[in-house]
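The values are calculated or read from the model by the stated rules, or taken from the named source; none is laboratory data. Just so you know, these numbers come straight off a predicted model, no measurement behind them. Don't worry about glycine lacking a Cβ; one is built from the backbone with ideal geometry, like all the others, and counts go over all protein chains shown. The accessibility values were calculated without ligands, DNA or RNA, using every heavy atom of the protein model including side chains. Shrake-Rupley method; radii C 1.70, N 1.55, O 1.52, S 1.80 Å.
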Amino acid sequence: MIVSLVGLPGGGKSTVGRQLAKRIGARFIDSDAVLEERIGMPIRQFFEQFGEVAFRDREEAVIDELTAGAQDADAPALVLATGGGALLRPANRERLRDRTTVVYLRSTPEELYRRLRHDTQRPLLQVADPLAKLRELFEQRHPLYEQTAHYCVDTGRPSVATLVNMIMMQLEVAGLLPVQNAQNAQKGP
Ligand code: S3P
């Protein structure tokens with residue numbers, strides 16, 4: 001089983017993903033971290049040198065590779081945090097939806113701006129008006145996240161632990177988690 005987390009940058013995909021993996025006894029992989037290892041430089045630098053299209057090509061290949069064995073019965077459980085722009089490519093939308101259980105961490109642009117206003121690493125946010133950029137990204141991507149996701153959770157108010165519990169309960173209802181884990185989820189950390 002692979003659970004993949006999608007959503008705009010700053011919505012907590014890596015933080016929630018890491019905790020979720022710990023709770024369900026799965027491996028955690030951040031596709032951006034795999035990409036940085038492959039390209040041998042920070043994503044921001046790769047964007048500057050080679051452009052967004054080259055980055056998306058690499059990203060598509062990594063997502064294909066990481067999800068390829070999802071249906072194997074003996075494949076270890078995996079939680080995969082994806083980059084915020086991954087669903088721009090139809091191939092990624094199809095592969096993630098067909099091969100994995102997709103959870104959309106839905107956040108408002110205003111909430112993300114509060115978290116990311118001092119960010120220097122995300123290439124798309126190094127602009128004069130990052131809030132306007134986040135609003136534009138939301139407009140463009142929210143429909144893609146919604147159409148691809150099997151489940152959606154709002155990140156605005158809940159703590160990370162609560163978000164993890166909410167996701168675990170959805171996975172349990174879908175029959176994707178053993179009941180033992182769901183009971184622990186209800187008790188909380
Ligand atoms: C991007 C989001 C980043 C990273 C790259 C492009 C985007 O990932 O993949 O900077 O297009 O929104 P996070 O969502 O983990 O920040």
* So Thr108 clears everything in (1) under 15 Å from Ser31 (Cβ atoms); (2) within 16 Å of the chain's Cα centre (by Cα); (3) away from the ligand (no atom under 11 Å from the Cβ) except one condition, right? Which one? -> (1)
* Name the one entry in Val53, Val62 that is more than 9 Å from the ligand (Cβ to nearest atom) and under 15 Å from the mean Cα position of the chain (by Cα). => Val62
* Tally the residues that are over 27 Å from Leu176 (Cα atoms), more than 11 Å from the ligand (Cβ to nearest atom) and in a helix (DSSP H, G or I), restricting the search to region 14-44. => 3
* Criterion: modelled with pLDDT under 95, open to solvent by 50 Å² or more (accessible area, probe 1.4 Å), out of contact with any Gly (no Cβ under 8 Å at 6 or more places or on another chain) and within 12 Å of the ligand (Cβ to nearest atom) - qualifying residue of Gln126, Gln140 -> Gln126
* To do: Name, by its number, the condition in (1) surrounded by 20 or more Cβ atoms within 10 Å (Cβ to Cβ); (2) touching a Phe, Trp or Tyr at 6+ places or on another chain (Cβ under 9 Å) that does not hold for Lys22.
  => (1)
* Structure fact -> (1) within 14 Å of the ligand (Cβ to nearest atom); (2) assigned to a helix (DSSP H, G or I) all hold for Ala91 apart from (1)
* State whether one or more residues within region 50-67 are at pLDDT 95 or above, of a type in the set (Lys, Arg) and not in a helix (DSSP H, G or I). => no
* Residue check, Arg114 open to solvent by 60 Å² or more (accessible area, probe 1.4 Å), basic (Lys, Arg) and part of a helix (DSSP H, G or I) -> yes
* Asked: Of Asp154, Asp98, Asp72, which residue is under 20 Å from Ala174 (Cβ atoms), away from the ligand (no atom under 11 Å from the Cβ) and modelled with pLDDT under 95?
  -> Asp72
* Can you tell me which residue within region 67-105, out of those that are of a type in the set (Lys, Arg) and open to solvent by less than 70 Å² (accessible area, probe 1.4 Å), is nearest to the chain's Cα centre (by Cα)? => Arg93
* To do: Starting from region 36-50, keep only residues that are aromatic (Phe, Trp, Tyr), then list their pairs with residues that are near the ligand (Cβ under 9 Å from one of its atoms) whose Cβ atoms are within a distance under 6 Å, requiring at least 6 positions of separation or different chains.
  => Phe46/Phe55; Phe47/Phe55; Phe47/Pro123
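Hey, can you tell me all the residues within region 145-179 that are more than 19 Å from Val16 (Cβ to Cβ) and open to solvent by less than 30 Å² (accessible area, probe 1.4 Å)?
Once the filter is applied, which keeps residues that are more than 19 Å from Val16 (Cβ to Cβ) and open to solvent by less than 30 Å² (accessible area, probe 1.4 Å), region 145-179 yields nothing.
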